[in-house]
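Asker: Okay, handing you the structure first.
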Amino acid sequence: MTIQYNNETIEITIKRSKRTTACLRIQPDGTVEVRGPRLMSDAFVRNFVEAKADWIIQKRREVAEHQSKKREHTYQSGDVFLYLGEEYVLTLVAAGRKRVELVRAEGTSGIVDENPQNYNRLVLYTTSFEPRNIEKHIKEWYKKQAAEYITSRVNYYADMIPGEHTGITMENRKGRWGSCSSTRELTFNWRLMLAPKEIIDYVVVHELCHLKHMDHSPAYWKAVGNVLADYKERREWLKENGIGLNL
């Protein structure tokens, strides 16, 4: 379905299910997805979208702005990657065995000039310079780092937050940075390793607090605030910059 509003075209996809209410979502490509009951008519969808058209157009512009922050990687020497919130320049070195080494420039926190000795480097020793192989190995390395680092942060904050989890897993769920299942298993997106440390801590505390409060009630947010007084600022940072945490 397509509607025209103030010289703008709004493409609509419709998903009907057992749900009892209607809702809409702006997709990354700017289209609008409307979900509702099985008996929801096309006429209802059209009126529903038209009533929210001004909001949709504004949100589409915000989505486009966020998408512009997304990093595109070539997986070749000179490519720039984030690690714990800091930039590292990829350096490929031929070697008989694959491994990754982080080399920090002394007295800096990122790229400062054209001298290779004056910026942080992510050095990949590899048997193949094929971008697909480089991409695979780098992602595997990030997953391993996430399993070690994020688990250590869970253990650190677990002493401050009541409740016991049944396990920790690392995945790459689109649009999800963390979750706590009904079986009390914690799942984290390994791409969090691209974010600053304080943002990772926010997601860790967010999920640990769900062990006691399986909702986002005032009591839940009070529990988060008891551990991280500035959680709102950290949450806002992730909302604004999460699109750039991609590999």
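The values are calculated or read from the model by the stated rules, or taken from the named source; none is laboratory data. As the structure is a prediction and not an experimental result, all values here were calculated from the model. When we count neighbours, we look across all protein chains shown, and the Cβ atoms used for this are built from the backbone with ideal geometry, even at glycine. For accessibility, only protein heavy atoms count, side chains too; no ligands or nucleic acids. Shrake-Rupley method; radii C 1.70, N 1.55, O 1.52, S 1.80 Å.
Asker: Roughly speaking, to the nearest percent, how much of the chain's 1.4 Å accessible area is carbon and sulfur?
Answerer: Heavy-atom surface of the chain belonging to carbon and sulfur, 1.4 Å probe: 47 percent.
Asker: Please work out the ratio of the alpha-carbon Rg of the chain to 2.2 N^0.38 Å and round it to two decimals.
Answerer: Compared with the compact-globule rule of thumb, the chain sits at 1.22.
Asker: Expressed as a whole percent, how much of the Cα-Cα distance distribution for segment 1-98 exceeds 24 Å? The partial results should precede the final answer.
Answerer: Values: 2210 of 4753 pairs.
Cα-Cα pairs of segment 1-98 separated by over 24 Å account for 46 percent.
Asker: Sequence-distant or interchain residues sharing an amide H contact under 5 Å with residue 71, placed H: which?
Answerer: Amide H neighbours of residue 71, under 5 Å, 5+ apart: 246.
Asker: Which one of 244, 211, 92 is farthest out on the positive end of the charge dipole of the chain, using unit charges on Cβ (Lys, Arg +1; Asp, Glu -1) and the Cα centre as origin?
Answerer: Positive-end residue among those listed: 211.
Asker: Provide the per-residue ³J(HN,Hα) series for segment 173-182, in order, calculated from phi with Karplus coefficients 6.51, -1.76, 1.60 and θ = phi - 60°, each as a whole number of Hz, with x at glycine and proline positions.
Answerer: 7, 5, x, 10, 9, x, 7, 10, 7, 5
Asker: Mind putting a number on the dipole of segment 34-96 about its Cα centre? Charges go on the C-beta only, +1 for Lys and Arg and -1 for Asp and Glu, and I need it in Debye to the nearest 20.
Answerer: That gives segment 34-96 a dipole magnitude of about 420 debye.
Asker: Please list, in order along segment 121-128, the HN-Hα scalar couplings obtained from phi with the Karplus expression 6.51 cos²θ - 1.76 cosθ + 1.60 (θ = phi - 60°), rounded to whole Hz, x for Gly and Pro.
Answerer: 10, 9, 9, 10, 8, 9, 8, 9
Asker: Same structure again: Give, rounded to the nearest 20 debye, the magnitude of the charge dipole that the chain has about its Cα centre when Lys and Arg contribute +1 at Cβ and Asp and Glu contribute -1 at Cβ.
Answerer: The calculated dipole for the chain is roughly 1020 debye.
Asker: Rounded to the nearest 500, what is the 222 nm mean residue ellipticity of the chain from helices alone, with -39500 (n - 2.57) per DSSP H run of 4+ residues and division by all residues?
Answerer: That comes out to -11500 deg cm²/dmol.
Asker: Report, in whole Å, the centroid distance computed from the Cα atoms of segment 10-84 and segment 181-239.
Answerer: 24
Asker: Would you list, by chain and number, the lysines whose Cα falls below 26 Å from the Cα of residue 232, excluding same-chain residues fewer than 8 positions away?
Answerer: 59, 69, 70, 174, 197, 212, 222
Asker: In square angstrom, rounded to the nearest 10, how much accessible surface does residue 41 have for a 1.4 Å probe?
Answerer: Near enough 60 Å² of accessible area.
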